1. Filtering the stretch 21-65 down to residues that are part of a loop (DSSP other than H, G, I, E, B) and of a type in the set (Gly, Ala, Ser), which residue is most open to solvent (accessible area, probe 1.4 Å)?
2. If you check Leu53, Leu10, Leu30, Leu64, which single one turns out to be at pLDDT 95 or above and of a type in the set (A, V, I, L, M)?
3. Which pairs turn up if I take residues in the stretch 38-55 that are of a type in the set (A, V, I, L, M, F, W, C) and look for partners that are open to solvent by 40 Å² or more (accessible area, probe 1.4 Å) with beta carbon separation below 6 Å, at least 6 apart in sequence or on another chain?
Amino acid sequence: MSPTPHPGPLAQEPCQSRCHWLPVEQTTRLPRLACTGCGSQWDRSQAWTPRDLDGSIPPGVQDLRG
């Protein structure tokens with residue numbers, strides 16, 4: 001059995017006001033999304049909820065929040 005990958009730190013970058021959150025390649029035990037505008041990352045362990053520039057909650061976030 002292979003070890004579970006360590007989640008590692010999430011990227012945190014200054015907002016560029018071009019928010020659009022998409023899934024990133026699965027390399028950790030928790031699925032991650034990244035903002036295509038600034039490169040910041042999010043996973044469901046975070047207390048905040050990412051939103052796209054139009055204020056909507058992206059489908060990927062909705063899926064992970066359940």
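1. The extreme case among them is Ala47.
2. Details: Leu10 fails: at pLDDT 95 or above; Leu30 fails: at pLDDT 95 or above; Leu64 fails: at pLDDT 95 or above.
Just a single option satisfies the conditions, and that option is Leu53.
3. Cys38/Glu13; Cys38/Cys15; Cys38/Gln16
The values are calculated or read from the model by the stated rules, or taken from the named source; none is laboratory data. All values derive from a computational prediction rather than experimental measurement. Note: ideal-geometry Cβ built from the backbone for every residue, glycine included; neighbour counts use all protein chains shown. Note: areas computed on protein heavy atoms with side chains; ligands, DNA, RNA excluded. Shrake-Rupley method; radii C 1.70, N 1.55, O 1.52, S 1.80 Å.
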